[in-house]
Structures are given as structure tokens and as C-alpha cells.
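Report on the structure given below.
The values are calculated or read from the model by the stated rules, or taken from the named source; none is laboratory data. Remember, predicted model here, so these are calculated numbers, not experimental data. Don't worry about glycine lacking a Cβ; one is built from the backbone with ideal geometry, like all the others, and counts go over all protein chains shown.
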Amino acid sequence: MSTRRAFIVRAAASAVAVPLGASACTAGTGAGGAGTSGKGTQALVFGKTDGGTTFVRNFNVFGPAVQKAPSIEMIYEPLARIDYSDGAKVKPWLAKSLEFDESGTTLTVKLRDDVTFSDGKPMTADDVVFSLSIPLKDAAFNTGGTTYDRVAKKDATTVTVHWAKAAFSELNQLGNVWLPVVPKHIWEGKNLKTWTNPDPVGTGAFTLERFAPQQVTLRARDDYWGGKFALKQIKVIPTNGDSLRAQLLRGEVNWALSGWNGGEQEYVAKDPKRHMYQKYATGGAYSLFFNTARAPFDDVHLRRALAMTIPRKDIVATLQRPGTEAGPTGLVDEVYGDAILPEYRGKVQKVDAAAAQKELALSGFKVKDGKLVKDGKSYTPKLSFNQDYGWDAYANIMIRSWQKHLGIKVKPVGAPSANLLDQQQRADFDLTISTTGGAGVAGLYSALSSMAYRPVGETAVTNYGRWKDEATDAAIRTLQGANDPAETKSAGEEMQKIVAEQVPFSPIYDSYWFVLINSEHWTGWPTPDNYSYVPFPGAGPDATLTLMKLKQATT
């Protein structure tokens with residue numbers, strides 16, 4: 001167990017907004033999987049709240065299609081694991097070791113020699129080179145935000161990954177579940193822009209047993225390189241916040257990732273022994289992104305004015321998460337501690353209408369009938385947000401504040417998860433809400449690099465706001481390339497100033513993973529007090545470790 005307990009906090013009655021967009025599973029739909037998860041069976045039911053009402057049979061993890069099948073990360077695995085129980089350190093997974101040369105430009109990856117794909121064929125260096133080369137062939141395939149420029153096979157169990165510049169802090173890319181190792185003998189020659197990979201074969205602990213639009217059944221492998229499972233099946237069902245709560249209470253769903261306002265009283269208190277509601281800090285935040293490639297949000301004074309009038313206290317109060325207002329840097333105090341500059345550490349961002357009015361005046365924009373007007377042009381800003389996660393209420397809080405303090409009328413534009421992600425990646429928005437975070441300071445800020453920049457209309461994996469700034473690039477180069485702690489600390493502090501003062505994005509509230517568990521049928525779950533992996537369903541290796549340790553309840 002890591003001694004860095006500040007990274008994980010206990011569950012509280014507070015929670016993030018719950019999904020509202022997906023329609024409920026009927027009792028019959030849920031019971032098809034959930035009803036078989038009782039005593040004497042070997043299935044676990046996972047309720048997925050962000051996958052819409054039905055699932056799409058698309059297991060092409062690299063493909064540009066927005067809609068993908070659920071739980072791909074249980075079938076495909078990355079080379080590394082990001083250990084959130086140990087300060088988000090990058091540790092080997094499919095790799096045996098990961099070592100940079102002195103220049104930090106070449107990474108030597110020693111592979112495990114006991115890994116096989118689910119069709120029985122061994123994972124080789126050829127498979128790894130093939131997989132890591134896919135993002136280099138077309139930017140549309142770069143779903144993991146990679147920055148290396150070439151990959152080569154050294155021998156049967158060794159691969160080298162090369163960056164144009166020192167990249168000591170880029171190792172986290174190899175721990176991204178969207179950069180897995182796939183079998184070359186199946187994927188080679190496929191048109192990855194159209195192929196849906198309906199029958200996936202991976203190195204992961206589970207295989208696809210059955211696919212239906214409202215239930216995906218995965219089966220644990222008997223020959224998994226990582227070990228054996230008491231658990232034999234996972235049944236994934238689509239659901240939404242309200243339905244999920246009832247399903248958890250009835251024992252029809254065993255595991256879910258969702259917030260529950262009042263969950264301590266309404267869920268945990270009803271069966272404290274079996275009902276678990278856990279909160280894990282991600283190190284990131286929910287933030288307001290500005291489309292800096294589009295007027296009027298290319299103006300720093302306007303960005304500051306809008307950031308200064310976000311009513312963060314009201315938002316977290318509505319979320320029932322008092323005290324989780326985000327600081328101005330994007331770095332969470334409880335995770336990054338002394339890395340944050342003293343002037344920003346512990347800072348609570350309050351609405352400052354007077355300062356915001358001064359910034360608005362400096363921008364040169366006038367407000368007429370709620371519109372921003374300058375040089376004969378007028379703008380009616382739009383705020384895009386995730387309808388599936390019930391962000392309507394929080395968007396409206398922000399919109400009312402902007403109108404009250406600045407006179408600006410901002411139009412709310414809600415969209416389902418998949419549609420919003422597509423809009424964000426193509427920069428088809430004015431203002432939008434998304435998460436900011438990453439493994440370490442460099443991981444968080446690297447999303448602002450111009451290397452991640454794509455013209456408006458083209459798909460960007462990160463840097464949704466199309467931020468392009470020389471000082472930012474210089475600081476990120478140092479963060480990623482220096483191997484001297486003093487240099488990286490200084491660069492991290494420079495990035496804090498850029499985010500706080502130039503406002504490419506504005507943090508709103510700190511982000512957490514909220515994990516709901518009904519342990520009536522399966523025991524052995526980690527807890528915030530005792531864990532070495534986070535029971536986060538989408539975390540790939542951590543989810544595998546979680547499931548591997550579960551045992552069937554005897555009472």
C-alpha cells in the first residue's frame with residue numbers, strides 16, 4: 001500500500017453529477033445479466049452509464065469512429081500501467097522494463113516473454129512495433145496522444161521507441177489504454193478507418209463471449225499471463241443514473257463508475273457491510289475550455305473576465321462537494337502539494353466582478369443586448385456541455401453568473417457524450433467543459449503543447465482549445481525533456497503561471513473517480529484506506545488487478 005494517502009480520499013456524501021442522458025434498462029434487460037450474478041454463479045455485472053442506451057460492436061481501438069464497444073480495455077492492454085496509488089508513477093505491464101538512454105530520446109522496452117493473445121499466439125516484438133507504429137501512419141489513429149516519431153525492433157523481445165527530443169516525462173503515453181498492443185497477424189492489411197474489429201483478439205484477461213446491443217458478456221481467460229480468476233464472466237449493461245441506483249440496491253449491478261449525490265445515506269447506510277461508495281482523486285479537474293483559435297476567445301482579457309465570474313462555490317454546493325473548488329493552475333493541492341507555487345496553493349477562486357469588468361474593458365469588447373461587440377462584429381457565445389452527465393444545471397449556474405456580472409448572454413448547448421467529444425476534438429465550440437489531468441505535472445500540461453495542435457475541423461486528441469504559445473512550448477519541452485528535478489520544477493511553475501494568467505483553460509472543480517460497489521456476491525475490493533490499484537472500470541491494468549483479487553462471497 002502506498003504511503004501517499006493524500007492521492008486517495010475517503011468517500012463522502014458528495015459526488016459528481018450523475019448521467020441523465022441514457023434511458024433506463026428495464027428490469028428484464030438488467031436481470032438478464034444481473035440475475036445471473038447471484039450466489040453460486042461466477043458472473044459480475046458492470047453498469048455502464050456513459051455508453052448510451054445501446055452498444056456498438058466496434059472493437060477497433062485505434063479507429064477514428066467516436067462510438068466504440070464497452071470495456072475494450074479488458075481485452076486489449078498497454079505496455080505500461082500508471083499507478084495512481086503511488087503518485088501516478090509509470091510501471092511496466094506488458095513490458096518487463098522501460099529504460100531511457102542518457103539523452104532521453106530513446107526508450108528501450110524489454111517485453112515479457114510469457115504473454116499470449118487470446119487465440120493462443122505469443123505476443124512478440126513484431127506485434128509491439130506494429131501497434132506503436134499505427135499512430136504514426138495517420139493522425140486520425142493517434143487516439144492516445146503519442147509524440148514519439150519512430151519505433152524499431154531490436155530483437156525478439158526488445159523494442160526501441162524514439163523521440164526527436166528528450167522525453168523523460170513522455171513515458172506515460174505507453175500506459176494509455178488507447179495505445180494497446182494488438183496482434184499484427186490479424187490487424188495487418190485492414191483499413192483501420194472503416195474496420196470495426198467485431199471479434200477482438202487481445203492480450204487482456206477477458207475475451208468477448210457474446211455481444212448484444214444491451215449486454216456485452218466477457219469471459220475470463222484460463223491462460224491469461226497475469227494469473228487466474230475466481231470470476232469467470234463480466235456482463236456489461238447500459239444504464240443511467242436513476243436506474244443504476246435501483247439496480248445497485250437490488251443487487252442487479254455489482255460495479256459502476258458514477259456519482260451519487262447523497263450516496264452515503266441512500267446507499268451505503270442501507271447495507272454498510274456490502275454497499276461501498278468510494279472516492280478517488282484523479283489529480284485533475286473539470287475545466288472550462290476556450291476555443292482560442294476562434295474570436296473572441298483569442299483575447300486573453302475576455303478569457304480572464306469569464307474565468308473570474310465562474311461561480312465555483314455555487315457549482316460545488318450544487319454538486320454537494322463543498323471545498324472542492326479548483327485552484328487556478330489545474331494542479332490539485334492534495335495530489336501535487338509542494339509542487340504548486342505558494343501564491344496559488346490553497347487558493348479559492350471566488351467571483352470577482354469588479355476585476356472581471358476591468359478585464360472586459362481591456363478587451364475592447366462592448367456588451368450590447370447580451371452580445372459581445374467589437375470592430376463592427378458581434379458574437380453570441382455558446383457553452384457546450386455533456387448532457388449525459390447532467391451538466392445542464394451547472395452550465396446554467398455559469399451562464400446566469402456571466403449575464404449578471406458581465407451582461408453577456410451565453411447560450412447553453414448540451415450534447416450526448418459521443419457528440420460532445422467529436423465537437424471538442426474538432427474545435428466545433430466556443431466554450432466547453434472537459435477534464436484536465438494526466439500522469440504528473442508534465443502529463444497534465446502536455447495537452448497544451450503545440451505538438452498536440454490541430455487546425456480547427458481536424459481531430460485533436462488533446463489541446464481541444466487549440467492553444468499555441470511559444471512560452472508554453474518551451475516550458476513543456478523542459479518538463480518532458482529534462483532529467484534534473486530543479487529544471488522540471490521550474491518549468492512546472494512557469495506552466496502554472498501561464499495557465500493562471502493566460503487562461504487557456506479555467507479549472508472549475510477537482511475531479512474524482514466515484515466507484516459504486518455492491519459486494520453481496522463478490523468480495524475483496526480495494527478501499528481508499530488500503531489499495532495498490534484503483535477499482536476504476538476504465539483503467540485497464542488496474543481494473544484487471546481489481547477483478548483478479550475478487551472472491552465469491554460465501555454468505
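If we keep just the residues of segment 289-322 that are assigned to a loop (DSSP other than H, G, I, E, B), farther than 21 Å from Glu359 by Cα and in contact with a strand residue (DSSP E or B) (Cβ under 9 Å, 6 or more places away or on another chain), which is modelled with the lowest pLDDT? Give the steps one after another, and end with the answer.
We begin by selecting, within segment 289-322, every residue assigned to a loop (DSSP other than H, G, I, E, B); these are 291-299, 309-311, 319-322.
Next cut, farther than 21 Å from Glu359 by Cα only: 319-322.
Then keep just the ones that are in contact with a strand residue (DSSP E or B) (Cβ under 9 Å, 6 or more places away or on another chain); that gives 319, 321.
Working: Leu319: 80, Arg321: 74.
So, considering only residues that are assigned to a loop (DSSP other than H, G, I, E, B), farther than 21 Å from Glu359 by Cα and in contact with a strand residue (DSSP E or B) (Cβ under 9 Å, 6 or more places away or on another chain), the one modelled with the lowest pLDDT is Arg321.
So for segment 144-153 (the condition being among the hydrophobic types (A, V, I, L, M, F, W, C), closer than 25 Å to Arg454 by Cα and in contact with a Leu (Cβ under 9 Å, 6 or more places away or on another chain)), does at least one residue qualify?
Yes: one or more hits.
Out of all the residues in segment 516-555, which are of a type in the set (Asp, Glu) and either closer than 22 Å to Arg245 by Cβ or assigned to a loop (DSSP other than H, G, I, E, B) (or both)?
Listed by number, the residues that qualify are Glu520, Asp529.
Kindly evaluate Ala491 against the criterion of being buried (at least 19 other Cβ atoms within 10 Å of the Cβ) and in the same structural domain as Arg466 (by TED's automatic domain parsing). Lay out the reasoning, then the answer.
Details: buried (at least 19 other Cβ atoms within 10 Å of the Cβ): yes; in the same structural domain as Arg466 (by TED's automatic domain parsing): yes.
The answer is yes for Ala491.
Residues that are closer than 23 Å to Tyr286 by Cβ and without any contact (Cβ under 8 Å) to a residue 40 or more places away in the chain: which strands (runs of 3 or more DSSP E) entirely in segment 354-467 hold 2 or more of them? I'd like the intermediate steps shown before the answer.
Numbers: elements: 366-368, 371-374, 377-379, 382-386, 411-415, 431-436.
Here the list reads 411-415.
Taking the condition of being of a type in the set (A, V, I, L, M, F, W, C), buried (at least 22 other Cβ atoms within 10 Å of the Cβ) and touching a Ser or Thr at 6+ places or on another chain (Cβ under 9 Å), how many residues in segment 152-175 meet it?
Result for segment 152-175: 5.
Yes or no: Lys374 surrounded by fewer than 17 Cβ atoms within 10 Å (Cβ to Cβ), assigned by TED's automatic domain parsing to the domain that holds Asp428, over 32 Å from the mean Cα position of the chain (by Cα) and not acidic (Asp, Glu)? Spell out the reasoning first.
On the way: surrounded by fewer than 17 Cβ atoms within 10 Å (Cβ to Cβ): yes; assigned by TED's automatic domain parsing to the domain that holds Asp428: yes; over 32 Å from the mean Cα position of the chain (by Cα): yes; not acidic (Asp, Glu): yes.
Taking the combined requirement at face value, the residue satisfies it.
In segment 232-247, is there at least one residue being over 26 Å from the mean Cα position of the chain (by Cα), in a loop (DSSP other than H, G, I, E, B) and not basic (Lys, Arg)?
No, because not a single residue in segment 232-247 is over 26 Å from the mean Cα position of the chain (by Cα), in a loop (DSSP other than H, G, I, E, B) and not basic (Lys, Arg).
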